[in-house]
Amino acid sequence: MEEPERAAAALSTQPRANGCGGAAHAGLRNGYVRGLAAPDTQINHVMHNGGLYKRPFNEAFEETPMLVAVLTYVGYGVLTLFGYLRDFMRQWKIEKCQNATEREEQKDFVPLYQDFENFYNRNLYMRIRDSWNRPICSVPGAKVDMMERVSYDYNWTFTYTGRVIKDIINMGSYNYLGFAQNAGTCQEAAAKVLSQYGAGVCSTRQEIGNLDKHEELEKLVARFLGVESAMAYGMGFATNSMNIPALVGKGCLILSDELNHASLVLGARLSGATIRIFKHNNMQSLEKLLKDAIVHGQPRTRRPWKKILILVEGIYSMEGSIVRLPEVIALKKKYKSYLYLDEAHSIGALGPSGRGVVEYFGLSPEDVDVMMGTFTKSFGAAGGYIGGKKELIDYLRTYSHSAVYATSLSPPVVEQIITSMKCIMGEDGTTVGKARVQQLAENTRYFRRRLKEMGFIIYGNEDSPVVPLMLYMPAKIGAFGREMLKRNIGVVVVGFPATPIIESRARFCLSAAHTREMLDTALKEINEVGDLLQLKYSRHRLVPLLDRPFDETTYEETED
């Protein structure tokens, strides 16, 4: 029997890894569910892999309607054709050229500026540039004030009118627990520390920039995470990009999720290690790469890898999905590899007490070798951290570029983190922190459920506060952002190349600071704009992530 036939036979007789039996969904083929009996049928990603999951894990992705996919490609095709036409007109001075170009006297030189590389920016992005970089002039809380701007040259430049748009409901900031505020205990504590220590340290931790506040913060973070030791850094992005090269190098293998953040990707590339990519949250794909790595070893020499490091995130910020951590840990133990977990979006936002994806699944922090996270989201501050064994942290204090060369965290920022973290832990003598974590979970489930009921295609896990609403067509990216702003709702819209070309989306970020009234107002306006722009594509045909086909040739490899 051929391999595909054996796989099909197994699927028809055995329960799926995600809890969906093959017999129950005979319409499942190549990862897509077709022709379900009822329009509200839902496929739950409830895992039954040897009891690894202690709670329901509901995560599914609906198939892109074929007509929508075709029209999206056609839309990008038309934009590209008009882009070439406008470039032709600019070349012959019919249309004013406002983009950067080489000077006439340097035409024969080796070009410093590749004109075609900017084709997308000047002909596609520029049309909807007003949807991004909008300047706000208030605290990025549940509501924000925004400076009004207009463009008279099709978004090449902007002019500020002097008017401020007040009380825009903020559905875009990563203010998960509502600590981005200019009043309350956090603000008061930060102001007190500012008056005592000043705003900057002007030195690295290894010189004379190591304050008692930094020591206090790191001890608190270690206790919060349940690890032996922790280290804080001044920038979340650099926490990944500068520490991964300190952990792995030539002769090591990195297995990275295909949707990992740019900071993880950059850190992996800077390390000099071989990089292989596994399908997003696909454990069969990851295990196949682990098996191949152990069986074949390094390219050409076939020597064993010095280290194998798995890179994953807690919550993926574009998909709204949650890592299948119990399965990743099981594979990590089975194949004796190391695990690097980026909890930038999940720390504070998941788990009964806000301790992240590890607590969410009821796992032990000891099973994660490197626990990374940031203070920029749930804590309303800046910077990042790494937690783990004491030996790991002591090593990073010496060899991490972020630790050796970067300026220390600002004292008021440190105090903001300490105060908000103690609030979450309940060490401030109140239950405010616990209430915020619970409120975020309630807001998340309510908002996701209402959007699905309206008929939108929503990606991700039902417990993820990152909520992607699919727009697909390029013209609807700018239209959605503009229409929502007209209705005093601030949203983030995302398109290619940040997402696949046919999967443009609006991304909502829920906050504990959002009241039910705010959410209902936002949902009402989203419903109206959805009808106006015809965005309600859902047919309730969900694509279980584990059943998405894996092409064995789709992983990349970096060799020396």
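The values are calculated or read from the model by the stated rules, or taken from the named source; none is laboratory data. None of these values were measured; they are calculated from a predicted model. Counting neighbours? That spans all protein chains shown, and the Cβs are built from the backbone with ideal geometry, glycine included. To get the accessible areas, we keep the full protein, side chains included, count just its heavy atoms, and leave off ligands, DNA and RNA. Shrake-Rupley method; radii C 1.70, N 1.55, O 1.52, S 1.80 Å.
Condition check ((1) under 24 Å from E207 (Cα atoms); (2) open to solvent by 40 Å² or more (accessible area, probe 1.4 Å); (3) out of contact with any Ser or Thr (no Cβ under 7 Å at 6 or more places or on another chain)) across all residues:
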{"residue": "T376", "(1), (2), (3)": "no, yes, yes"}
{"residue": "H401", "(1), (2), (3)": "yes, yes, yes"}
{"residue": "S408", "(1), (2), (3)": "yes, no, no"}
{"residue": "P412", "(1), (2), (3)": "yes, no, yes"}
{"residue": "K434", "(1), (2), (3)": "no, yes, no"}
* Asked: In the range 207-224, is there at least one residue being among the β-branched types (V, I, T), open to solvent by less than 10 Å² (accessible area, probe 1.4 Å) and at pLDDT 95 or above?
  -> yes
* **Residue in the range 305-325 that is nearest to V493 (Cα to Cα), counting only those that are in contact with a Gly (Cβ under 9 Å, 6 or more places away or on another chain) and open to solvent by 10 Å² or more (accessible area, probe 1.4 Å)** => E319
* Go through the range 258-287 and count every residue that is more than 26 Å from S402 (Cβ to Cβ) and either in contact with a strand residue (DSSP E or B) (Cβ under 7 Å, 6 or more places away or on another chain) or open to solvent by less than 50 Å² (accessible area, probe 1.4 Å) (or both). => 8
* Asked: Are any residues in the range 495-518 crowded, with 21+ Cβ neighbours inside 10 Å, closer than 30 Å to A180 by Cα and not basic (K, R), and if so, which ones?
  -> G495, S504, A506, F508, C509, L510, S511, A512, A513, H514
* To do: Take the residues in the range 179-191 that are surrounded by 13 or more Cβ atoms within 10 Å (Cβ to Cβ) and not aliphatic (A, V, I, L, M), then tell me which one is farthest from V139 (Cα to Cα).
  => T185
* Structure fact -> Restricting attention to the range 231-251, the residues that are surrounded by fewer than 22 Cβ atoms within 10 Å (Cβ to Cβ) and either touching a helix residue (DSSP H, G or I) at 6+ places or on another chain (Cβ under 7 Å) or of a type in the set (A, V, I, L, M) (or both) number exactly 6
* Looking at (1) out of contact with any Gly (no Cβ under 6 Å at 6 or more places or on another chain); (2) farther than 30 Å from N118 by Cβ; (3) outside any helix (DSSP H, G or I); (4) not hydrophobic (A, V, I, L, M, F, W, C), which is the one condition that is false for P500? -> (2)
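Condition check ((1) under 12 Å from F508 (Cα atoms); (2) assigned to a loop (DSSP other than H, G, I, E, B); (3) of a type in the set (A, V, I, L, M, F, W, C)) across all residues:
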| residue | (1), (2), (3) |
| --- | --- |
| P468 | yes, no, no |
| R482 | no, no, no |
| L485 | no, no, yes |
| F496 | no, yes, yes |
* Asked: Do the conditions hold for S241, that is, is it hydroxyl-bearing (S, T, Y) and part of a helix (DSSP H, G or I)?
  -> yes
* To do: Confirm whether V265 is modelled with pLDDT of 95 or more and part of a helix (DSSP H, G or I).
  => yes
* To do: Scan the range 225-242 and report the pairs whose first residue is on the phi < 0 side of the Ramachandran plot and whose second residue is open to solvent by 20 Å² or more (accessible area, probe 1.4 Å) and polar (S, T, N, Q), with Cβ atoms within less than 8 Å and a gap of 6+ or a chain change.
  => G234/T407; G234/S410; G236/T376
* R302 fails exactly one of the following numbered conditions: (1) buried (at least 24 other Cβ atoms within 10 Å of the Cβ); (2) at positive phi. What is the number of that condition? -> (1)
* Asked: Which number in (1) under 24 Å from G429 (Cβ atoms); (2) not in a loop (DSSP other than H, G, I, E, B) marks the one condition that A183 misses?
  -> (2)
* To do: Within the range 342-353, count every residue that is in contact with a Lys or Arg (Cβ under 8 Å, 6 or more places away or on another chain) and crowded, with 22+ Cβ neighbours inside 10 Å.
  => 5
* In the range 507-534, how many are farther than 28 Å from A435 by Cα and touching a helix residue (DSSP H, G or I) at 6+ places or on another chain (Cβ under 7 Å)? -> 5
* Asked: Within the range 333-341, can one find any residue that is of a type outside the set (F, W, Y), closer than 14 Å to I254 by Cα and surrounded by 24 or more Cβ atoms within 10 Å (Cβ to Cβ)?
  -> yes
* Structure fact -> Those residues of the range 196-245 that are of a type in the set (K, R) and more than 20 Å from P365 (Cβ to Cβ) come to a total of 2
* To do: State whether the residues of the range 354-363 include one that is closer than 20 Å to E258 by Cβ and open to solvent by less than 40 Å² (accessible area, probe 1.4 Å).
  => yes
* Asked: K166 versus (1) of a type outside the set (S, T, Y); (2) over 29 Å from L350 (Cα atoms); (3) assigned to a strand (DSSP E or B); (4) touching a residue at least 24 places away in the same chain (Cβ under 8 Å): which is the lone unmet condition?
  -> (4)
* **Filter result (open to solvent by 50 Å² or more (accessible area, probe 1.4 Å) and either modelled with pLDDT of 95 or more or charged (D, E, K, R) (or both)) within the range 115-133** => D115, E117, R127, R129
* Condition test on L112, is it surrounded by fewer than 16 Cβ atoms within 10 Å (Cβ to Cβ) and at pLDDT below 90? -> yes
* Identify all residues within the range 503-526 that are part of a loop (DSSP other than H, G, I, E, B) and modelled with pLDDT of 95 or more; write none if there are none. => L510, S511, A512, A513, H514, T515
* Lone qualifier among L52, L67, L71 - being of a type in the set (A, V, I, L, M), modelled with pLDDT of 50 or more, within 34 Å of the chain's Cα centre (by Cα) and surrounded by fewer than 11 Cβ atoms within 10 Å (Cβ to Cβ) -> L67
* Structure fact -> Filter the range 455-481 for residues that are at pLDDT 95 or above, out of contact with any Ser or Thr (no Cβ under 7 Å at 6 or more places or on another chain) and over 30 Å from R355 (Cα atoms); the one that is least open to solvent (accessible area, probe 1.4 Å) is F480
